[in-house]
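S.K.: Before I ask anything, let me first share the structure, which is written out below as structure tokens.
The values are calculated or read from the model by the stated rules, or taken from the named source; none is laboratory data. As the structure is a prediction and not an experimental result, all values here were calculated from the model. We place every Cβ from the backbone using ideal geometry, glycine too, and count neighbours over all the protein chains shown. To get the accessible areas, we keep the full protein, side chains included, count just its heavy atoms, and leave off ligands, DNA and RNA. Shrake-Rupley method; radii C 1.70, N 1.55, O 1.52, S 1.80 Å.
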Amino acid sequence: MFRLYLSLIFLLALVSCKHESNVRTYKTRRVIILVIDGPRYSETWGDSSHTFIPMRFGLLDEGVMLANFRNNGVTFTNPGHTAICTGVYDAIANNGSELPHFPSLLQMYVERYGYPSYATLIASKDKLHILSNTSLPAYYNQFQCYKDCGVNGNGTGGYRADTITYLNVMSQLNSGVPRLMVVNFKEPDTYGHLADSIAYLNAIKRTDQYVAEIYQLIQNHPDYKNQTTLIVTNDHGRHTKGWLDGYVSHGDNCEGCRHIELFAISPDFKKNTVINKNYEQIDIAPTVAELLGLRMKYGHGKVMWDLFLPQ
């Protein structure tokens, strides 16, 4: 009997050691998610000349890109951002009148680590203030992050120029405070809806410059260098050329609306790599949660392990 007891203890110790050996450790301590609102993939990575994203293409040596990344939910702004932040395709209203039905990474971060200023939401579109909250009773009005959305912030005053959002992002990052930041740049979507093709393409190129300058800040800031994951993605695309009104609108399941960007630079991700495996918007939240030690209790997505360096 005593030998059996010792054998059981030894077996439990082996299982415990094996479990501990499978625990992954990461260099990432901070994550920035940049959501560039509404460019088509055909004007970003789908353009072989990379005319409108020369800075991101130049950064590919440092990063990883998913060539088959998709929004498989509702291809509008608020549902798209909600999928990114919650890991759930949630067909909420697109006008800011409806909260996500499940808590976001931002709320999960504040719940886990405290300090609301560590989790930051900065958006050109005021209606995206909804990402800081949820209608789920256990989290409604709880674990609120710092938010700065639209002209006057937090759902009032309408949209503002991306230049203001960019300056606010840089100011927050220079402070060294944010640990998790979600950003919305709106102007590709805005000028697409205005049917101004030149302004639409220029806006894509301008946001590309913002990406490069934010990356440079990360590289030059002691609180961010070598410990920050930067993710660049879209909430939705636009109609495929020749379908309905083309780049002017979006919102259905055409290839142009669904096929979007995912580009990332991280001390824990591969470099100079293009991955063709299919992933989708709801996979961002669990991947970020994995890096930051969060548990997305309500998310439906999966960790994008193909991005990660082997351990």
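S.K.: Filter Lys225/Lys297; Lys147/Lys297; Lys186/Lys277; Lys27/Lys297; Lys27/Lys225 down to the pairs with a C-alpha to C-alpha distance above 18 Å, please.
M.R.: Lys225/Lys297; Lys147/Lys297; Lys186/Lys277; Lys27/Lys297
S.K.: Where only protein heavy atoms count, and the probe is 1.4 Å, what is the accessible area per residue for the chain in Å²?
M.R.: Accessible area per residue, the chain: 43 Å².
S.K.: Right, another one. Given the options Pro39, Pro103, Pro137, state which has the largest fluctuation in a GNM of the chain using a 10 Å cut-off (strictly under) for Cα springs.
M.R.: Pro137
S.K.: With a cut-off of 15 Å, note down the residues of segment 72-90 whose backbone N falls inside the zone around a label point 7 Å from the Cα of Arg112 toward its beta carbon.
M.R.: 85-87
S.K.: Remind me, relative contact order of the chain in percent, using alpha carbon pairs under 8 angstrom and six or more residues apart?
M.R.: 30 percent
S.K.: In whole percent, what relative contact order does segment 253-307 give with Cα contacts below 8 Å and a gap of six or more residues?
M.R.: 32 percent
S.K.: Tell me which residues come under 5 Å, amide H to amide H, from Gly63 once H is placed; ignore anything under 5 positions away on its chain.
M.R.: For Gly63, the qualifying residues are Asn272, Thr273.
S.K.: Roughly how many whole Å is it from the C-alpha centroid of segment 63-107 to that of segment 185-251?
M.R.: 16 Å
S.K.: With the dipole of segment 172-311 worked out from charges on the C-beta (+1 for Lys and Arg, -1 for Asp and Glu) around the Cα centre, which of Asn184, Asn220, Leu309 lies farthest toward the positive end?
M.R.: Leu309
S.K.: Right, something else. Using only alpha carbon pairs under 8 Å that are at least six residues apart, calculate the relative contact order of segment 90-173 and give it in whole percent.
M.R.: Relative contact order, segment 90-173: 30 percent.
S.K.: Give me the percent of accessible area attributable to carbon and sulfur for the chain, probe 1.4 angstrom.
M.R.: That share works out to 56 percent.
S.K.: Another question about this same structure. Rank these residues by their accessible area, most exposed first, probe 1.4 Å: Glu280, Glu255.
M.R.: The ranking, largest first, comes out as Glu255, Glu280.
S.K.: Efficiency by 1/(1 + (r/R0)^6): what FRET value for Lys225 and Asn278, r their Cβ-Cβ distance, R0 = 25 Å, to the nearest 0.05?
M.R.: In this case the efficiency is close to 0.15.
S.K.: Continuing with the same structure: Output the 0 to 90 degree angle, nearest 10, between the alpha-carbon long axis of helix 2-21 and the longest principal axis computed from the alpha carbons of the chain.
M.R.: Taking the Cα atoms of the chain, the angle to 2-21 is about 20 degrees.
S.K.: Here is a follow-up. When the chain is modelled as a GNM with alpha-carbon springs shorter than 10 Å, which of Arg40, Arg24, Arg160 fluctuates the most?
M.R.: Ranking Arg40, Arg24, Arg160 by mean-square fluctuation puts Arg24 first.
S.K.: Do the sum for the chain: with -39,500 (n - 2.57) for every DSSP H run of n ≥ 4, divided by all residues, what is the mean residue ellipticity at 222 nm, to the nearest 500 deg cm²/dmol?
M.R.: Helix-only estimate at 222 nm: -10000 deg cm²/dmol.
S.K.: Quick one: what do you get for segment 96-188 if you divide its Cα Rg by 2.2 N^0.38 Å?
M.R.: Relative to the rule-of-thumb radius for its length, segment 96-188 sits at 1.03.
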